[in-house]
Amino acid sequence: LQLPPHTPQQQQQQQTAPIAGQPQPASPPTAMDFAKLLQQNQFILDQQQRSLQEIQAMEEKRRQEEEIRKKEEELKKQAEEMRKQQEEIRKLEEANRIEEAETQAKIMHMDLEMLVETAERECARATQIAEPIVTEASRKALSDEDVVRIADEFDSAKVEAMAALKACSAFTAGKHRQLMGAREETKKAASELIQRIGKTERTLAVTSGRAMAAKNPARQRIEAEARRVAAVQEAKRQEEMFKRFDSNRDGKLSADDIVALCKAEYKFDLQPERLQAIKKSDAFKPDGVPFLKFASLRTMIGIALGEYQARVRREEAAERKKRSESQCAQVEKDAKTLQECASGIETEVRKAEMKSGPLVAFTSAKAAMALANVESAASDVDTAVSAAKDFIAAAKEQLQAMNGEGAETPLEPEAQRLAARHTHGTSVRLQRLE
């Protein structure tokens, strides 16, 4: 900036200096001119001061902005340092987590390895047992009994193998993530263990299917042979039975032979009307039952036996009903006697209470009795109480007899229910009196 002159001498020199091309003033400046000049100078000074203040304000603002920038850079550096520290901590935690996961996975692998080896060993043992029957060539050299026996042995070994596989499944249930670990080699090892379990299960299932396919036909043949042998033996037994009851050895069973057969083998007496029906049948014609018709005879005997058993059941039911009615009548009679006995016991108890009245008055200190009267009253009370006790004992014995205790023939259900209804109330009554 080129500042104007500030001192009055400079201003005067500037004013008095001759300017080329201008006319010279005719007269010196007045006081008014000096005042105007001073005012102009003051205005210029104010402008310069304001400019200086603006410059200072701008400088202060720049300085503050510089400080803010430095603080922001410092904060950024601190944030970056903190981020780096957090990243290092995260990496360290991740490494620790991976290490812990690997350690846990390896421990689980060791435990699972033992279980898988056990399952494989049991599966191999079961497969080895079933080996003779799983192929057609080896099975041809075996009998059906041997096939069934080997299949049963395989089933027992299969149970052990299935238990071992179940232990593997229970161990891995809900632990797939822990079992896999964090590193690829650990995941690969876990996958191999799981694949071994699946392979063992498939091998056992295939062997089981083949063993069952060999066992079922063999068992069916054995059962068919057993039925055939049983049928032959039954036929032989029937023939021996026929010969045993063929009294005259003519190859036919007469009417007497049939009656003896029913009594000896079927334990019942053949009724005459049923015997007549047998004699009129085609099996008996002309004069007896031949062995070829023996099966038909046994059918007719079975019908007769059913009729006999039904008749016996009806007779037994009628006998039970008759016995029940008789027992119920006896229970009603005994109950009535018990009621009368209980009334007599109550009478004896009241007598004993009346006789014990003077003794109660004697103990109250309101009355006095002679010693002889006291002894007489006490003796009368004892006599009455003894009589009541005898009645109660007799009533209890009658209660037991009414319930059927000690009887030769037990009570029928109807009589038992009736006796229970009567004895309950009487028992309570006797206990109260006692």
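The values are calculated or read from the model by the stated rules, or taken from the named source; none is laboratory data. From a predicted model like this one, the values you see are computed outputs, not experimental measurements. Glycine also receives a Cβ, built like all others from the backbone with ideal geometry; neighbour counts cover every protein chain displayed. Accessible surface is based on the protein model in full, side chains and every heavy atom, while ligands, DNA and RNA are left aside. Shrake-Rupley method; radii C 1.70, N 1.55, O 1.52, S 1.80 Å.
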Kirkwood Rh over alpha-carbon pairs of the chain plugged into Stokes-Einstein at 20 °C, 1.002 mPa s gives a D in µm²/s of 54
Once 222, 107, 345 are ranked on solvent-accessible area with the largest value leading and a 1.4 Å probe, the list reads 107, 222, 345
Report, to the nearest whole %, how much of the accessible area of the chain belongs to carbon and sulfur atoms, 1.4 Å probe, protein only.
-> 55
Using alpha carbons only, how many degrees (0 to 90, rounded to 10) separate the axis of helix 31-134 from the longest principal axis of the chain?
-> 30
Can you spot the lysines whose alpha carbon is less than 21 Å from residue 71's alpha carbon? Ignore those fewer than 8 places along the same chain.
-> 61, 84
Charge context of residue 393, other residues only, Cβ under 14 angstrom, K/R +1, D/E -1 = -2
For the stretch 25-144, accessible area per residue (1.4 Å probe, heavy atoms of protein chains only), Å² = 81
Add +1 for every Lys or Arg and -1 for every Asp or Glu among the other residues with Cβ under 11 Å from the Cβ of residue 192, and state the total.
-> +2
Would you check the accessible area of residue 103, probe 1.4 Å, heavy atoms only, in square angstrom rounded to 10?
-> 70
Hey, can you grab everything whose amide H is under 5 Å from the amide H of residue 253? Only 5+ residues off in sequence or another chain; H modelled, so Pro and N-termini drop out.
-> 289
With axes computed from alpha carbons, what is the tilt in degrees of helix 294-355 against the longest principal axis of the chain, rounded to the nearest 10 within 0 to 90?
-> 80
The stretch 31-96: which GluC sites (Glu not before Pro) are DSSP loop and have at most 12 other beta-carbon atoms within 10 angstrom?
-> none
